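This report concerns only the one structure given below.
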Amino acid sequence: MNFLTTPHIRIKHADWPYILQSFLVYFLLLTVSYFLLNQFLFFISLAVLSIFFIIITQFHLYRVQQNESEYLQYKIQCLNELYKLLPMRSPLPPMTGWAATPELAITVQKVVQKYKPDLIVETGSGVTTLIAAYSLEKHHPGGKIISLDHDPVYANKTRDEIKLHSLSDWAEVRTAPLEKMKIAKNDWIWYSTEAIHFHQPIDLLVIDGPPVKTQKNARYPALPVLYPYLAKKAVIIMHDTDRSSESSILKKWLDEYDDLTIQTLYGEKGITILVRSERSDTRETKYGLK
């Protein structure tokens, strides 16, 4: 190890509330001690408080590592299930970074197996495109997935993966550049409507794009634009619903479309399934697919 180099400190956005809260409490206690105690007692309290916060931090780190370990086991279990349940002809691309999580992939697999959709439409493309195509091949060979991707480079990568896995009979990727559009007199940026043409209703809609940085509530237009194409009993899977932006999108959709029911699934980034029906009950269940 080169001690002259600055170590890389790994701090995530989710860590900052704990860091700031601990710092503020520590600072306030020290300030009170400084004004109320003499110098000797102040340094004693400083040492005690430092040890106390070190112990708290160690417990915090232990709990975080324990949770991450449990979640890692869950992800491994999801991957193992995928390779056992589907006839993989080649390794899947890495499910890291911005790619789909293993729990999203297994959710797509279970939904396809349960509902056997004739047409799946996906915003974004990648691993879930392959999983959906494999699931269709096994459980509903007459079905097809059409994925919309705004990035030509990434769209071509997914097309290459489709060919590698011999899934061209079940999967299609359409390049759909992001463009400005009006929805209820508001300006939005979403996939080009030129790519939105289907010969049958959408039975399953998977929403995992466009990138959240596109604009505030970037994935909201998915339902207003595609709702007219949805089958009467369509299923919608939305990823990243642990984020505040996606949560607000869900609430807005539920206010605007009273034929949607919702169930929230476990996941690192959050997975929510919406089912279109005549019911307007939006009570949440957290028990996954039944």
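State yes or no: is Val48 farther than 24 Å from His239 by Cα, outside the structural domain of Ile237 (by TED's automatic domain parsing) and of a type outside the set (Gly, Ala, Ser)? It is true that Val48 is farther than 24 Å from His239 by Cα, outside the structural domain of Ile237 (by TED's automatic domain parsing) and of a type outside the set (Gly, Ala, Ser).
So for the stretch 216-229 (the condition being modelled with pLDDT of 95 or more, out of contact with any Asp or Glu (no Cβ under 9 Å at 6 or more places or on another chain) and assigned to a strand (DSSP E or B)), does at least one residue qualify? Within the stretch 216-229 (the criterion being modelled with pLDDT of 95 or more, out of contact with any Asp or Glu (no Cβ under 9 Å at 6 or more places or on another chain) and assigned to a strand (DSSP E or B)), the answer is no, since none of the residues qualifies. Scanning the stretch 98-108 for residues that are of a type outside the set (Gly, Ala, Ser) and surrounded by 19 or more Cβ atoms within 10 Å (Cβ to Cβ) yields Thr101, Pro102, Glu103, Leu104, Ile106, Thr107, Val108. Quick one: in the stretch 159-209, which of the residues that are touching a His at 6+ places or on another chain (Cβ under 9 Å) and touching a residue at least 60 places away in the same chain (Cβ under 8 Å) is nearest to Val275 (Cα to Cα)? Once the filter is applied, the top-ranked residue is Val206. Taking every residue in the stretch 55-73 that is touching a residue at least 12 places away in the same chain (Cβ under 8 Å) and pairing it with any residue that is surrounded by 11 or more Cβ atoms within 10 Å (Cβ to Cβ) and assigned to a helix (DSSP H, G or I), at least 6 positions away or on another chain, the pairs with Cβ-Cβ distances below 9 Å are Ile56/Ser22; Thr57/Tyr18; Thr57/Ser22; His60/Tyr18; His60/Ser22. Here Lys84 does not fit the description of being part of a helix (DSSP H, G or I), charged (D, E, K, R) and touching a helix residue (DSSP H, G or I) at 6+ places or on another chain (Cβ under 6 Å).
Looking at Phe53, Phe43, just one residue is touching a Phe, Trp or Tyr at 6+ places or on another chain (Cβ under 6 Å), of a type in the set (A, V, I, L, M, F, W, C) and surrounded by 10 or more Cβ atoms within 10 Å (Cβ to Cβ), and that residue is Phe53.
Residues of the stretch 54-91 that are of a type in the set (Ser, Thr, Tyr) and within 18 Å of the chain's Cα centre (by Cα): Tyr71, Tyr74. Considering only residues in the stretch 84-113 that are modelled with pLDDT under 90 and among the hydroxyl-bearing types (Ser, Thr, Tyr), the one that is farthest from Asp208 (Cα to Cα) turns out to be Thr96. Screening the stretch 117-162 for residues that are small (Gly, Ala, Ser) and under 14 Å from Thr175 (Cα atoms) and picking the one that is surrounded by the fewest Cβ atoms within 10 Å (Cβ to Cβ) gives Ala155. Scanning the stretch 72-97 for residues that are of a type in the set (D, E, K, R) and surrounded by 14 or more Cβ atoms within 10 Å (Cβ to Cβ) returns Lys75, Glu81. Anything in the stretch 191-215 that is at pLDDT 95 or above, within 26 Å of Arg243 (Cα to Cα) and not aliphatic (A, V, I, L, M)? List them, or say none. Selection gives Tyr191, Ser192, Asp203.
The values are calculated or read from the model by the stated rules, or taken from the named source; none is laboratory data. Predicted model only: the values in this text are computed from it and were never measured. Cβ: placed from backbone, ideal geometry, glycine included. Neighbour counts: every protein chain shown.
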